[in-house]
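The values are calculated or read from the model by the stated rules, or taken from the named source; none is laboratory data. Just so we're clear, the structure is a prediction, and the values are computed from it rather than from any experiment. Backbone-built Cβ (ideal geometry, glycine too); neighbour counts: all protein chains shown. Keep in mind that these areas ignore ligands, DNA and RNA; they rest on the heavy atoms of the full protein, side chains included. Shrake-Rupley method; radii C 1.70, N 1.55, O 1.52, S 1.80 Å.
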Amino acid sequence: MSIKLSNIYHTYSKGTPFERLALQDVSVAIAKGEIVAIIGHTGSGKSTLVQHLNGLLKPDKGTATIDDMDITAKGQQAKAARQQVGMVFQYPEHQIFAETVFEDIAFGPRNKGFNEEEVAKAVREAMEFVGLDYDTFAERSPFQLSGGQMRRVAIAGVVAMNPDYLVLDEPSAGLDPRSRNAVFREIMALHKSRGIAIVLVTHSMEEAVKYANRMLVINGGQVLFDGEPAAIFKEHGDELVQVGVDVPQVYKLADLLRHKGMSLPEGIKDEMALVKAIKQAKGWK
Amino acid sequence: MMLTEITLGQYFPGNSFVHRLDPRTKILATIIYIIAIFFAETPLSYGILTAFAALVILISRLPWLLVLKALKPIWIIVILTMFIHMFTAPGEHVIWSWKFLNVTQEGLDLGLKMAVRLILLLLFSSVLTFTTSPIVLTDGIENLLRPFKAVGVPAHELAMMMTIALRFIPTLLEETDRIMKAQTARGADFANGNMLQRLKNMLPLLVPLFISAFRRADELAVAMEARCYRGGEGRTRMHELAYGGGDYVALALVLALAVGLAVLRWGKLCGLSS
Ligand SMILES: Nc1ncnc2c1ncn2[C@@H]1O[C@H](COP(=O)(O)OP(=O)(O)OP(=O)(O)O)[C@@H](O)[C@H]1O
Ligand SMILES: [Mg+2]
């Protein structure tokens with residue numbers, strides 16, 4: 001079970017002076033159950049890349065397949081394949097349109113052909129996942145919610161379609177730290193309980209390290225690195241800085257301390273782990 | 001096709017003679033040319049007009065394909081106009097008939113003439129919008145309308161409204177594209193179904209679009225007021241428009257074209273040409 005992009009190219013506004021090659025020769029496979037973070041400088045092509053994962057953009061050259069089914073093809077089968085990939089855009093709350101939270105979340109499942117009973121069940125589960133209480137929110141107007149709550153409604157609208165893959169383009173942009181953590185906690189819970197593959201576009205290296213088990217670094221429309229986040233930061237730190245991607249603070253500090261002669265274990269992912277490791281190395285309580 | 005790739009009325013940056021002309025020159029020239037189109041009668045005058053338009057396109061170094069693409073949205077209107085004239089114009093020399101439909105030589109001539117007129121009109125005005133950035137264009141319009149302020153034409157307000165509208169067209173198209181993609185990913189279908197169905201299917205697109213348009217308008221109004229915008233009274237501008245040598249040459253050429261065509265048409269009556 002996987003999505004495969006093979007040698008894809010994408011050019012925007014072909015044949016005008018605004019022509020822009022946004023992706024060149026990108027090959028990526030995303031398997032079911034993975035958590036993949038995609039990072040890169042602004043304008044490097046991250047959003048363009050993920051929109052090829054469910055056929056919203058068609059490659060100029062190359063192929064996009066889900067389980068060997070051409071995503072961009074016409075017909076019901078290809079459409080069904082595309083709908084296995086849920087897509088949460090930047091500022092997804094801007095896509096909300098219905099009169100009640102329930103109706104908005106139900107839009108996707110209904111389009112997918114669920115019957116009313118299944119729709120109700122899917123909406124209830126999706127709302128639970130994103131931490132919105134069903135009885136409190138289902139009948140409220142989505143436009144009277146706070147920004148963070150609206151974003152959850154939008155994410156629930158995608159989750160309710162029961163996708164096998166969930167692509168999120170900067171899901172935490174513009175949220176306060178607490179809602180940000182909450183959104184990620186919910187996404188991870190989803191991954192655990194349903195085994196959904198998660199593709200996460202982010203500008204935050206901390207998020208990438210903390211949540212992903214694989215990382216793609218995009219630069220100038222090409223995949224620069226593809227591998228385990230910690231390993232990439234360790235081996236290619238200087239190159240990353242050169243392409244405008246920063247190494248997480250925790251890594252920098254840990255590296256610095258190692259240089260100064262402190263013996264710290266590998267694979268420290270966040271502040272808490274670092275604090276623990278330092279205490280251990282120093283023998284503090 | 002992506003929505004952002006519509007060509008009609010889009011600026012095509014360049015640095016040709018035509019691009020560098022003052023916007024007022026280009027607007028006036030376009031108006032004079034359009035008037036000249038209605039002077040034309042004989043195939044000779046249409047030939048001259050076509051050659052003139054071709055020359056301007058050549059000098060402006062616009063890709064031919066782009067200019068021809070601008071005709072795409074109106075070719076149906078052109079053909080319709082042509083047929084209506086062909087079938088309805090009165091005339092004696094019937095060259096083809098079927099049941100109650102008659103095509104006369106006069107009708108055919110008139111139909112072709114109207115089609116050519118429409119095409120030339122659109123070609124020439126699309127050169128104006130292709131070679132002039134929208135902001136500069138509205139500057140030119142405001143400037144040309146200024147004399148009419150005395151009779152109550154709100155020149156500045158009109159120009160500001162146009163500038164803002166033009167500024168937001170690409171943004172709204174982008175937004176439409178984005179929301180359409182988001183809803184497509186949720187299984188929305190904008191292409192199929194009957195009229196009513198399709199209208200209903202548009203709701204998930206239109207509602208967010210209106211909300212975002214209102215939000216943007218609100219933000220813009222606040223931003224403009226925060227920067228002390230208080231209308232056109234006493235406003236100075238960063239780029240003052242100024243005519244140069246090229247502008248006089250260009251205007252003289254179009255004027256010559258219009259006068260020439262007028263002479264071709266009415267000269268005989270006044271005994272100017274043989
Ligand atoms: N609709 C479009 N038309 C023309 N060019 C586009 C369009 N969308 C993106 N581009 C261009 O393609 C390139 C890649 O854009 P993309 O949106 O994929 O970048 P990104 O990595 O997602 O950036 P960000 O981090 O800012 O979201 C950019 O240079 C951008 O200017
Ligand atoms: Mg992006």
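Overview of values
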read-out: From the options A:Ala78, A:Ala64, residue that is touching a Ser or Thr at 6+ places or on another chain (Cβ under 9 Å), within 25 Å of A:Arg20 (Cβ to Cβ) and either at pLDDT below 95 or of a type in the set (Gly, Ala, Ser) (or both); value: A:Ala64
read-out: Counted residues, the range A:61-97 - those being open to solvent by 10 Å² or more (accessible area, probe 1.4 Å) and more than 16 Å from ligand 2 (Cβ to nearest atom); value: 21
read-out: Qualifying positions in the range A:176-212 - within 16 Å of ligand 1 (Cβ to nearest atom) and either under 16 Å from A:Met150 (Cβ atoms) or buried (at least 22 other Cβ atoms within 10 Å of the Cβ) (or both); value: A:Val199, A:Leu200, A:Val201, A:Thr202, A:Ala208
read-out: Residue match in the range B:168-184 (condition: away from ligand 1 (no atom under 16 Å from the Cβ), over 28 Å from the mean Cα position of the chain (by Cα) and touching a residue at least 12 places away in the same chain (Cβ under 8 Å)); value: yes
read-out: Single match in A:Val28, A:Val50 (criterion: within 16 Å of ligand 2 (Cβ to nearest atom), within 19 Å of A:Val199 (Cβ to Cβ) and either touching a strand residue (DSSP E or B) at 6+ places or on another chain (Cβ under 9 Å) or open to solvent by 60 Å² or more (accessible area, probe 1.4 Å) (or both)); value: A:Val50
read-out: Condition met for A:Arg124 (under 12 Å from A:Ala160 (Cα atoms), free of Cβ contacts under 8 Å to residues at least 24 places away in the same chain and touching a Phe, Trp or Tyr at 6+ places or on another chain (Cβ under 7 Å)); value: yes
read-out: Strands (runs of 3 or more DSSP E) (entirely within the range A:1-117) containing at least 1 residues that are over 20 Å from A:Asp226 (Cβ atoms) and within 11 Å of ligand 1 (Cβ to nearest atom); value: A:2-12, A:20-31
read-out: Single unsatisfied condition, B:Ala188 versus (1) within 14 Å of another protein chain (Cβ to nearest Cβ); (2) in a helix (DSSP H, G or I); (3) away from ligand 2 (no atom under 16 Å from the Cβ); value: (2)
read-out: Qualifying residue in the range A:141-162 (condition: within 14 Å of chain B (Cβ to nearest Cβ) and within 16 Å of ligand 1 (Cβ to nearest atom)); value: no
read-out: Positions within the range A:166-198 being within 13 Å of ligand 2 (Cβ to nearest atom), in contact with a strand residue (DSSP E or B) (Cβ under 7 Å, 6 or more places away or on another chain) and not charged (D, E, K, R), in sequence order; value: A:Val167, A:Leu168, A:Pro171
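For every residue, the table says whether it meets (1) open to solvent by less than 50 Å² (accessible area, probe 1.4 Å); (2) of a type in the set (A, V, I, L, M).
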{"position": "B:Phe168", "(1), (2)": "yes, no"}
{"position": "B:Thr176", "(1), (2)": "yes, no"}
{"position": "B:Met180", "(1), (2)": "no, yes"}
{"position": "B:Gln183", "(1), (2)": "yes, no"}
{"position": "B:Phe190", "(1), (2)": "yes, no"}
{"position": "B:Gly193", "(1), (2)": "yes, no"}
{"position": "B:Asn201", "(1), (2)": "yes, no"}
{"position": "B:Ala223", "(1), (2)": "yes, yes"}
{"position": "B:Leu241", "(1), (2)": "yes, yes"}
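One line per residue, one yes/no per condition, for (1) within 16 Å of ligand 2 (Cβ to nearest atom); (2) assigned to a helix (DSSP H, G or I); (3) within 13 Å of chain A (Cβ to nearest Cβ):
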{"position": "B:Ala159", "(1), (2), (3)": "no, yes, no"}
{"position": "B:Ile164", "(1), (2), (3)": "no, yes, no"}
{"position": "B:Asp177", "(1), (2), (3)": "yes, yes, yes"}
{"position": "B:Leu196", "(1), (2), (3)": "no, yes, no"}
{"position": "B:Leu205", "(1), (2), (3)": "no, yes, yes"}
{"position": "B:Leu220", "(1), (2), (3)": "no, yes, no"}
{"position": "B:Ala223", "(1), (2), (3)": "no, yes, no"}
{"position": "B:His239", "(1), (2), (3)": "no, no, no"}
